[in-house]
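Peer 1: Can you read through this structure? Questions will come right after.
Where a number appears in this text, it was derived from the coordinates with a stated rule and is not lab data. These figures come from a predicted structure and were not determined experimentally. We place every Cβ from the backbone using ideal geometry, glycine too, and count neighbours over all the protein chains shown.
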Amino acid sequence: MGIELPPAVTPVANYVPAVRSGNLVFLSGHGPFDESGAVITGKVGADLTAEQGYQAARRIAIGLLGSLKTVSTLKM
């Protein structure tokens with residue numbers, strides 16, 4: 001796929017981004033952050049284009065996979 005997974009997100013409060021319990025993984029604190037670390041806000045169609053919404057969702061998904069990789073044997 002050619003996607004490099006980032007390291008787990010740095011918590012901005014008192015939580016752990018990824019915890020494994022048996023065959024379950026719990027993920028927390030992943031949001032739509034841009035390259036500078038600012039939160040992407042707005043509603044698709046009103047404040048964001050469909051492409052901007054897609055890119056925000058993609059960044060969240062890649063961040064989730066990066067955190068998942070830290071607590072599992074995820075192979076990409």
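Peer 1: Once the other residues with Cβ under 15 Å from the Cβ of HIS30 are scored (Lys, Arg +1; Asp, Glu -1), what is the net sum?
Peer 2: +2
Peer 1: At a 10 angstrom cut-off on C-beta neighbours, averaged per residue, how do the peptides 56-66, 29-39 rank from highest to lowest?
Peer 2: Packing order, densest peptide first, comes out as 56-66, 29-39.
Peer 1: How large is ³J(HN,Hα), in whole Hz, for each residue of segment 18-33 in order, when computed from phi with the Karplus curve 6.51 cos²θ - 1.76 cosθ + 1.60 and θ = phi - 60°, using x for Gly and Pro?
Peer 2: 8, 9, 9, 9, x, 9, 10, 10, 10, 10, 8, x, 9, x, x, 9
Peer 1: Per the Cauchy relation, a quarter of the hull surface: what is the mean projected area of the convex hull of the alpha carbons in segment 9-76, in nm²?
Peer 2: Over all viewing directions, segment 9-76 projects a mean Cα-hull area of 5.6 nm².
Peer 1: How much length is gained on full extension from VAL25 to ALA61, taking 0.36 nm per residue of separation minus their Cα-Cα distance?
Peer 2: Stretched fully, the VAL25-ALA61 segment lengthens by 11.5 nm.
Peer 1: Then there is this: Once R0 is set to 25 Å, what does the formula 1/(1 + (r/R0)^6) return for the Cβ-Cβ distance between SER72 and LYS43, expressed as a FRET efficiency to the nearest 0.05?
Peer 2: That pair, SER72 with LYS43, gives E of 0.15.
Peer 1: Can I ask one more? Net charge near GLY42: determine it from the other residues with C-beta under 15 Å of the C-beta of GLY42, scoring Lys and Arg +1 and Asp and Glu -1.
Peer 2: -1
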